[in-house]
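**Student:** Below you'll find the structure I mean.
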Amino acid sequence: MNFDGLVEGVLRKRYKRFLADVEVPSGEVITAHCPNTGAMTGCAEPGSRVWLSTSASKTRKYPHTWELVATSRG
């Protein structure tokens, strides 16, 4: 799949409702904002492919936002 402008990575873990650690292709693990505060049952499994958007805002603590996830069910 091609999602122009999004960064693809692998979910390592989701924690504190708003945060997720994602490993990007360079091997770096970045912390991204997760706007969904719900349980995300089946959507926050470590090892899942995720896509992140990037904000250029200097005031954001975490410049990346979790936008999409590929679940094990497709």
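The values are calculated or read from the model by the stated rules, or taken from the named source; none is laboratory data. Everything numeric in this text was worked out from a predicted model, so none of it was measured. Because the Cβ atoms are built from the backbone with ideal geometry, glycine has one as well, and the counts that use them run over all protein chains shown. SASA here: full protein model, heavy atoms, side chains in, ligands and nucleic acids out. Shrake-Rupley method; radii C 1.70, N 1.55, O 1.52, S 1.80 Å.
**Student:** Out of all the residues in the range 31-74, which are polar (S, T, N, Q), open to solvent by less than 40 Å² (accessible area, probe 1.4 Å) and in contact (Cβ under 8 Å) with a residue 40 or more places away in the chain?
**Tutor:** The answer is S53, and nothing else.
**Student:** Continuing with the same structure: Name the pairs whose Cβ atoms lie under 9 Å apart, with the first residue in the range 6-21 and free of Cβ contacts under 8 Å to residues at least 24 places away in the same chain, the second open to solvent by 30 Å² or more (accessible area, probe 1.4 Å) and of a type in the set (K, R), and 6 or more positions between them or separate chains?
**Tutor:** Taking only residues 6 or more apart or on different chains, the pairs are D21/R12; D21/K13; D21/R14.
**Student:** Which of the following residues is open to solvent by less than 30 Å² (accessible area, probe 1.4 Å), of a type in the set (V, I, T) and either outside any strand (DSSP E or B) or under 21 Å from R73 (Cα atoms) (or both): V22, V10?
**Tutor:** V22
**Student:** Residues of the range 21-53 being in contact with a Ser or Thr (Cβ under 8 Å, 6 or more places away or on another chain) and hydroxyl-bearing (S, T, Y), which ones?
**Tutor:** Of everything in the range 21-53, those that are in contact with a Ser or Thr (Cβ under 8 Å, 6 or more places away or on another chain) and hydroxyl-bearing (S, T, Y) turn out to be S48, S53.
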